Amino acid sequence: MRHIDPTILERANQWLTPFFDSETQETIKEMIAYDSETLEDSFYKSLEFGTGGMRGVMGVGDNRINKYTLGKNTQGISLYLKKHFPNEPIKVAIAYDCRHNSDTLAKTVAEVFSANGIEVFLFSALRATPELSFAVRHLGCQCGIVLTASHNPPEYNGYKVYWQDGGQLVPPQDAEIIARINALNYTDIKFEANTSLIQLIDAEVDEAFAKASLTNGSFNTAKEAKENLKVVFTSLHGTSITMIPKVLEMAGYKHVSVVQEQAEPDGDFPTVKSPNPEEPEALKMAIDLANKEGADIVIGTDPDCDRLGIAARDANGEMTIINGNQAMIIKSHFLLSYYKKEGRLNGNQFMGSTIVSTPMLQKVVESYGVEYKEGLTGFKWIAKMIEDFPEQEFIGGGEESFGFMVGDFVRDKDAVTATLLACEVAAQMKEKGKTLFTYLQEIYAEHGYYKEHLISLVKKGKKGAEEISAMLKDLRANPLTQIAGSKVVRVEDYQSSIALLISEGTKEKITIPKSNVLIYYTEDGSKIAARPSGTEPKIKFYISVNAASKDVDLQQKIDRIIKDLNIT
């Protein structure tokens, strides 16, 4: 057995005290004796809040998802809520997804809140994440919690925190709450539930959310057009099965075929390598069914139902996947044209996106005289835009990673309403003899041709985190001056909040909050961003290229950039 770092051993020994249950203690003793590598990864740091809350592998230790790490979070949030809302009855809503232990962890979180005298609305069974965001405001809660790890592998779980506006935690609340949590010992957790403060919720909130989704996601599509659209839907073993088929039926879509082999919620996700609709393989069974049934559109959602993948017929009738940036452009353009047709554009609207999404969206949005706002990766920043600019109407917004939000009744990406919107667009296009792909080509012809590509390098554990840190450190220490033969003209470093304009030799202040992101812009219009994932052990490279003519081989440009950066 290799040597164990004394600091790691000291942290592990703290979990061998009587406060921790016997099973936890026995597991740690075995790791100390036989598995120092797992021991190190379980204790070398405490789990941190990232882009989508806190996510991690389930197990024992400070760097794992378990009743103690989540209990400590909940105890800290309870104390913060009581300080922040001193003269109010405090209410919290809690939801959970299909993952292993999500239900028991949600129960533990509810018990800790109740032990602190906080009223809890706990969903009686698994529910979609956007419904929790909706429930926070619908039930007048100051806070909401979702137990989910989104599309991460089966061994993961997570803890997402929402504030009273229905959006995820953002500054300054996040830092204040994290400081409160970090100041606690595990022995400060109150686990003794006050069951009189825990109320189970289900049908009433379900109905209210479904109606709100229907209101926000419907766009005067003719009854015949809806009935003529053939949809294949897969929940990928996740929570969306509880809501999406219901909303589509309420909206009038008669031909919705569910992939039955993937309809049962299952934390092992047995039919896919990854339950992530960003991965083409995840939609294979749905596409096969669509080809069998002659369907027009395929929709697949991730386990907590906040992002969706889409496949549709291309100009040759082949079922083809639409990537996140393309789907965002289609839905945004449709919303803008609908608002214009309805005479609702008055110069007081905006749409939002993120710094790593396609630059094309800004071009499309501003062509309609609508303001475009941009934030860091993660929908909590788009939700913050809505909260920060209450005098403006939010039309919708999206990000490259297959998330979209329609209106502001939900303050997070919402695959339920976005699915309905996608079907509305597809139905109206089919009525005109078009497909989603021919519609996208029309948008490209008007605004220029864009193509994006994402490379994710997986770097697990402590060693992986160090490798990711070293890669970004090297990019900062040795900045690129040209990429694939095109000069770098602008470099944005969101960690230092400085944008360097190369040709002018000048600097600009970046007003978006600090984040470990580097973005390069080249003379030929290419954009390359590098950032570590806030939810997975990965470093991601986002590449965007464009041209005025469809005759330019954009994939060839992307291939040259990948080769030049040596990031395969």
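The values are calculated or read from the model by the stated rules, or taken from the named source; none is laboratory data. This is a predicted model, so every value here is computed, not measured. Reconstructed Cβ throughout: ideal geometry from the backbone, glycine too, with neighbour counts over all protein chains shown. For the accessible areas, the whole protein counts, side chains as well, though only heavy atoms, and no ligand, DNA or RNA atoms are used. Shrake-Rupley method; radii C 1.70, N 1.55, O 1.52, S 1.80 Å.
Can you confirm whether segment 70-79 contains a residue that is farther than 30 Å from residue 268 by Cβ and open to solvent by 30 Å² or more (accessible area, probe 1.4 Å)?
Yes, there is a match, as at least one residue in segment 70-79 is farther than 30 Å from residue 268 by Cβ and open to solvent by 30 Å² or more (accessible area, probe 1.4 Å).
Among the residues in segment 7-24, are any at negative phi, of a type in the set (D, E, K, R), touching a Lys or Arg at 6+ places or on another chain (Cβ under 9 Å) and touching a residue at least 60 places away in the same chain (Cβ under 8 Å)?
no
Please go through (1) of a type outside the set (Lys, Arg); (2) over 20 Å from residue 153 (Cα atoms); (3) assigned to a helix (DSSP H, G or I) for residue 93 and return the number of the only condition it doesn't satisfy.
Unmet for residue 93, out of (1) of a type outside the set (Lys, Arg); (2) over 20 Å from residue 153 (Cα atoms); (3) assigned to a helix (DSSP H, G or I): (3).
Among the residues of segment 97-119, is any under 24 Å from the mean Cα position of the chain (by Cα), aromatic (Phe, Trp, Tyr) and under 15 Å from residue 159 (Cβ atoms)?
Checked against the condition, which is being under 24 Å from the mean Cα position of the chain (by Cα), aromatic (Phe, Trp, Tyr) and under 15 Å from residue 159 (Cβ atoms), segment 97-119 yields no hits at all.
For residue 221, state whether it is hydroxyl-bearing (Ser, Thr, Tyr), without any contact (Cβ under 8 Å) to a residue 60 or more places away in the chain and open to solvent by 10 Å² or more (accessible area, probe 1.4 Å).
In short, no.
I'd like to check which helices (runs of 4 or more DSSP H) are fully inside segment 190-271 and have at least 1 residues that are under 19 Å from residue 305 (Cβ atoms).
Details: elements: 203-217, 223-228, 244-251.
Qualifying helices (runs of 4 or more DSSP H): 203-217, 244-251.
Taking the condition of being assigned to a helix (DSSP H, G or I), closer than 15 Å to residue 197 by Cα and out of contact with any helix residue (DSSP H, G or I) (no Cβ under 7 Å at 6 or more places or on another chain), how many residues in segment 108-137 meet it?
Number of matching residues: 3.
In segment 301-356, what count of residues is obtained for those that are in contact with a Phe, Trp or Tyr (Cβ under 9 Å, 6 or more places away or on another chain), without any contact (Cβ under 8 Å) to a residue 60 or more places away in the chain and open to solvent by less than 10 Å² (accessible area, probe 1.4 Å)?
So the count comes out to 7.
Just to be sure before I move on: is residue 165 open to solvent by 20 Å² or more (accessible area, probe 1.4 Å) and either basic (Lys, Arg) or under 21 Å from the mean Cα position of the chain (by Cα) (or both) in the structure I sent?
yes
Would you pick out the residues in segment 490-543 that are open to solvent by 50 Å² or more (accessible area, probe 1.4 Å), of a type in the set (Lys, Arg) and touching a strand residue (DSSP E or B) at 6+ places or on another chain (Cβ under 9 Å)?
The answer is 490, 507, 509.
Looking at 60, 92, 109, which is the one that is of a type outside the set (Asp, Glu) and more than 30 Å from residue 382 (Cβ to Cβ)? Spell out how you get there, then give the answer.
Values: 92 fails: more than 30 Å from residue 382 (Cβ to Cβ); 109 fails: more than 30 Å from residue 382 (Cβ to Cβ).
Of the residues listed, the single one that is of a type outside the set (Asp, Glu) and more than 30 Å from residue 382 (Cβ to Cβ) is 60.
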